[in-house]
Amino acid sequence: MAIKNDIYIIGYVVANDKLGELNNAIVIDDGSGGIELKVEGEEINAVVPLFSRVMLRCSGLNIGREGGKTVMGRAPTADYVVDRIDRDDILNYLTLLDNQDTAPVGERVTIKQANSDKMLRYVTIGNLLPIEEEQSLTWCDSEQSSEEYRTSVRHFHDLSDTLRVVVDGACYYASERLPKQTCTLHGIVDWHDGDIALRISAHQVFKQR
């Protein structure tokens, strides 16, 4: 659906391709909800840095639903919900505002609270451990025929509930082992492969004592 009215969203960029965690998109959280802006190109972080405060001009863009999340981009030319904005054109819609010295603080939630109501919100979830079957794994699985890693889902629990965590095979820590002690994860509530999953931002995996 095309947006024709003068609508502006002010928030923080809480996910992008800085560490390869989210590619061809950025996520903006305005404190009440999040939206994913589709972008075509590499090194998007060089144009719109992670955790920068921005204002998005929505008029002239299209909005739609991709699974359980809201996405924005150019008018679709094929079967996609929206098309990607060229990286070189992104500042026609985004204005970089005065930035803070520190990253925004993620809303502290439990696994149960990381549901559709928090879609694309920046959150913090503590007291997590990888499930027993995955404790010896790396963040991503590797292809048997090559040394490349593929986007994978890992599972963490808090003794009561289980959290899906999606990790892009292009992220720089794809080959690292999962933490072996209780930890806190910071990231966005995303939609992957038909269900909710946390997507870590800025490799924020903090061990708890």
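A few comments on the model shown:
- Projecting the Cα atoms of 93, 39, 9 onto the charge dipole of region 8-157 (Cβ charges, centred on the Cα centre) puts 9 farthest toward the positive pole.
- Note on region 157-209: the alpha carbon radius of gyration divided by the globular reference 2.2 N^0.38 Å gives 1.16.
- Portion, in percent, of the accessible area of region 59-169 that falls on carbon or sulfur, probe 1.4 Å: 41 percent
- Cα-only Debye scattering, region 51-125: base-10 log of I(q)/I(0) at q = 0.26 Å⁻¹: -1.14
- D_trans [Stokes-Einstein, Kirkwood Rh over alpha-carbon pairs] for region 68-206, 20 °C, 1.002 mPa s, µm² s⁻¹: 127 µm²/s
- The lysines within cross-link reach of residue 4, meaning a Cα-to-Cα straight distance under 19 Å and a gap of 8 or more places when in the same chain, are 38.
- The GluC sites (Glu not before Pro) found in region 1-72 that occupy coil by DSSP, while having at most 16 further C-beta atoms within 10 Å, are 42, 43.
- Point-charge dipole on Cβ atoms (K/R +1, D/E -1) for region 55-183, about Cα centre, debye to 20: 460 debye
- If you look at the Cα atoms of region 1-143, you get an Rg and a Dmax of 16.4, 51 Å.
- Across all directions, the average projected area of the convex hull around the alpha carbons of region 3-87 is 5.5 nm².
- For region 1-54, the carbon plus sulfur part of the accessible surface works out to 47%, probe radius 1.4 Å.
- Per residue, in Å², the accessible surface of the chain once ligands and nucleic acids are set aside, probe 1.4 Å: 52 Å²
- At most 13 other Cβ within 10 Å, DSSP loop - trypsin sites (Lys or Arg not before Pro), region 49-122: 112
The values are calculated or read from the model by the stated rules, or taken from the named source; none is laboratory data. Keep in mind that what you see is a predicted model, and the values were worked out from it rather than measured. Counting neighbours? That spans all protein chains shown, and the Cβs are built from the backbone with ideal geometry, glycine included. The accessibility values were calculated without ligands, DNA or RNA, using every heavy atom of the protein model including side chains. Shrake-Rupley method; radii C 1.70, N 1.55, O 1.52, S 1.80 Å.
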